[in-house]
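Laboratory data are not the source of any read-out in this text; all were calculated from the coordinates shown. Please read these numbers as outputs of a predicted model, since none were measured by experiment. FYI the Cβ positions are ideal-geometry reconstructions off the backbone, even for glycines, and counts take in every protein chain you see.
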Amino acid sequence: MTENQRLKFVRKFLNKTQVDFASSIGLTQAGYSDIERGKNNVSGKVKILLKREHLVNITWLESGEGEMFLPIKEIQSQNDQTLIAN
């Protein structure tokens with residue numbers, strides 16, 4: 001399975017339309033559709049937004065290794081580090 005196919009899998013798992021999912025990560029439906037169809041790659045910016053908005057595990061997205069979503073412990077740790085840095 002490719003990165004683009006895994007992205008589509010995430011969207012369907014979350015039961016979102018292309019319009020809703022694209023909007024949640026700052027894309028148009030057409031732009032998002034191009035990614036799902038493999039016309040465009042998943043950019044670094046999109047990956048950051050997927051992680052932030054939907055807790056997608058980027059390692060899984062890129063390679064298929066690990067879990068589809070980040071564990072709660074990791075998310076809490078990242079939030080704690082952000083609070084300390086600010």
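The table that follows gives values for the structure above.
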read-out	value
Under-5 Å amide H pairs with Phe69, H placed in peptide plane, nonlocal only	Asn57
Within straight-line cross-link reach of Lys8, lysines at Cα separation under 19 Å, skipping those fewer than 8 residues along the same chain	Lys16, Lys39, Lys45, Lys47, Lys51
Virtual spin-label span in nm between Ile72 and Leu55, 7 Å along Cα→Cβ	0.8 nm
Kirkwood Rh in Å, taken over the stretch 1-57 so that all alpha-carbon pairs contribute	11.0 Å
Packing-based order for 50-58, 10-18, using average beta carbon neighbours within 10 Å, highest first	50-58, 10-18
Karplus 3J(HN,Hα) series, Hz, for the stretch 36-46 with 6.51 cos²θ - 1.76 cosθ + 1.60 (x for Gly, Pro)	4, 7, x, 5, 10, 7, 7, 6, x, 4, 4
Between the stretch 33-51 and the stretch 1-30, the Cα center-to-center distance that results, in Å	9 Å
